[in-house]
Amino acid sequence: METGLFDVLGVAGPALLLALVVLVSMVHLELGPFTHLETSGKWLLTAALGAGVLAFIFKMSVALYLNPKPDRLLVLPHPDFSRRAAALPGPAAVLEYRPYQWLALPARAPGAATDPALVELGRQLFNETALSADGRLTCASCHDLLAAAGADGQPRAVGIGAQVGPRNSPTVWNSGFQSVLFWDGRAPSLEAQATGPILNPVEMGLSSGAEAERRLQALPAYGPAFRRAFGDPDISFTRVAQALAAYERTLVTADSPYDRYVQGDQNALDPAQLRGMRLFQETGCINCHRGPAFSDASLLEKGAPLRIFPAFPNPLARRYGLDQEAGQPPGPRVWRVPSLRNVALTGPYFHNGRVRELKEAIRIMAVSQLDVAVPGVTPRQRFLFGADGQLQSVTQRSLSAADIDDLAAFLDALSSARLKTALSGRSGA
């Protein structure tokens, strides 16, 4: 405390003396002659202005005395952790680092239906061609549960009349864990999402919810099915959405090698996957893809479900047009944080589906979201303020080709054993 007092006096004394010299000179040499003040008037004006200066210096001295190191008021976290707070432009947040806990995926999605009749109705509707304008497409057309791990394997969705949509089809597996749906996160629930593709003129192309109701009412099997699910045979578009959502919440894959490992099977992951798991945490991937669903947009997390992408513009993102969206000027966009469950099975990647290889997707994410250099991208110097307030030069972190291999191996460990078996059987492997 005594050291703080001497520090204050050392600053306040010279500051007070300098302020008084400047004030007297200003009043007697400039303001006094300009306003034609007498000598007594000049000293009166000096005293009035001096009182304000003294009050200011007194306040600053008290502040310095009570807090001799103002930089303690704001402790910024490591840059990797600070990005977790920034989904949209806004004030920076100060985060407290806590050890990360790896968790297995629950076997049931939040709010999953317990009525088998409702789930079965949803399954029927998911595969119902009457819900498309030409009577050929179903929800499963873009979300093949086994052949494409809940996606379609296409760069962008192909809808009615062979129209190509603007975005890649995400997998429907584990969608019941997501707090927002669609690439732009515009749907707050599975119920809100379910009706979108049915009425989209580029996807299934029905003109209205009433048309969907009319078509289903014309099919004899649906009256009894709706009665079993809802207690009466009334067929409404709202109920269609509810049944589809109920079915989709049952599409859970909690059978990956990763799940077995965190549940105690120490042999479930090989050395490369374990190295990748460590890198996934150390490089900051968990800042956005955390929790058992590997997504900050999960209902199991209380994070920010949207992120700016690419957060760090770079040549790789531009090469694949990832900073572009039809009808909009080039630049970063705000997208939902996708789940990485089954990501090794659901390529091609990103909103435009232009990246086919998982390792290339990892390279892009490293430079675009983590500001980490990868092979082919020259590391650059960054300048950051250290804890002592001094500007420091920091070499950009980089991932080697072996690191990327290990990260890809870990992401493959998030794949459902059931889905991998189904895909292997279809490929004849």
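Where in segment 141-223 are there trypsin sites (Lys or Arg not before Pro) that are in a DSSP coil and have at most 14 other Cβ atoms within 10 angstrom of their Cβ? Walk me through the intermediate numbers first.
Values: sites: Arg156, Arg167, Arg186, Arg214, Arg215; in loops: Arg156, Arg167, Arg186.
In loop regions of segment 141-223 (DSSP not H, G, I, E or B), the sparsely surrounded trypsin sites (Lys or Arg not before Pro) are Arg186.
What is the calculated FRET efficiency for Asn127 to Arg356, with r their C-beta to C-beta distance and R₀ = 30 Å, to the nearest 0.05? The computed FRET efficiency comes out at 0.60.
Just to confirm, what accessible area per residue do you get for segment 190-287 at 1.4 Å probe, in whole Å²? The partial results should precede the final answer.
On the way: 4200 Å² over 98 residues.
Ligands and nucleic acids excluded, the figure is 43 Å² per residue.
For segment 358-429, the set of trypsin sites (Lys or Arg not before Pro) satisfying both a DSSP loop assignment and a count of at most 15 other C-beta atoms within 10 Å is given as Arg380.
Looking at segment 220-302, which trypsin sites (Lys or Arg not before Pro) are DSSP coil and have at most 12 other C-beta atoms within 10 Å of their C-beta? Counting only loop positions with at most 12 other Cβ atoms within 10 Å, the trypsin sites (Lys or Arg not before Pro) in segment 220-302 are Lys302. Taken over segment 109-265, the alpha-carbon convex hull comes to 121 cubic angstrom per residue.
Calculate, for Glu282 and Asp184, the FRET efficiency according to 1/(1 + (r/R0)^6) with r their C-beta to C-beta distance and R0 45 Å; round to the nearest 0.05. Calculated value: 0.90. Let me know the shape class of segment 304-356, please: from the alpha-carbon gyration tensor, a ≥ b ≥ c as square roots of the eigenvalues, rounded when a/c is under 1.5, otherwise prolate if a/b is greater than b/c, or oblate. Taking the square roots of the gyration eigenvalues as a ≥ b ≥ c, segment 304-356 is oblate. The local environment of Leu358, defined by Cβ-Cβ distances under 11 Å, has a net charge of -1 under the rule Lys, Arg +1 and Asp, Glu -1.
Between the beta carbons of Gln154 and Leu391, assuming R0 = 41 Å, the FRET efficiency works out to 0.25 to the nearest 0.05. The Cα atoms of segment 273-416 give a gyration tensor whose axes a ≥ b ≥ c have a/c under 1.5, which makes the shape rounded.
Tell me, what is the percent relative contact order of segment 290-429, built from C-alpha pairs under 8 Å that lie six or more residues apart?
Relative contact order, segment 290-429: 21 percent.
Annotation: extensible slack from Ala147 through Ala192 equals 13.6 nm (criterion: 0.36 nm per residue apart, minus Cα-Cα distance). Using C-alpha pairs below 8 Å separated by at least 6 residues, the relative contact order for segment 121-175 is 25 percent.
Straightening the chain between Thr250 and Arg318 buys 20.7 nm, computed as 0.36 nm per residue apart minus the Cα-Cα spacing.
Calculate, in nm to one decimal, what Ala51 and Ala417 gain on full extension: separation in residues at 0.36 nm each, minus their alpha carbon distance.
Numbers: separation 366, 0.36 × 366 = 131.76 nm, distance 7.86 nm.
Result for the pair: 123.9 nm of gain on full extension.
Each peptide in 310-321, 136-147 receives the mean, over its residues, of other Cβ atoms within 10 Å, and ordering these scores from highest gives 136-147, 310-321. Counting heavy atoms of the protein chains alone, Ser40 has an accessible area of about 90 Å² for a 1.4 Å probe. Taking amide H as placed 1.01 Å from N in the peptide plane, Ala187 has its amide H under 5 Å from the amide H of Leu181, each at least 5 places away in sequence or on another chain.
The values are calculated or read from the model by the stated rules, or taken from the named source; none is laboratory data. Only a predicted model underlies this, so the values are computations on that prediction, with no experimental measurement involved. All Cβ positions, even for glycine, are placed from backbone atoms using ideal geometry, and neighbour counts span all protein chains on display. We work out accessible area using only protein heavy atoms, side chains counted, and drop any ligands, DNA or RNA first. Shrake-Rupley method; radii C 1.70, N 1.55, O 1.52, S 1.80 Å.
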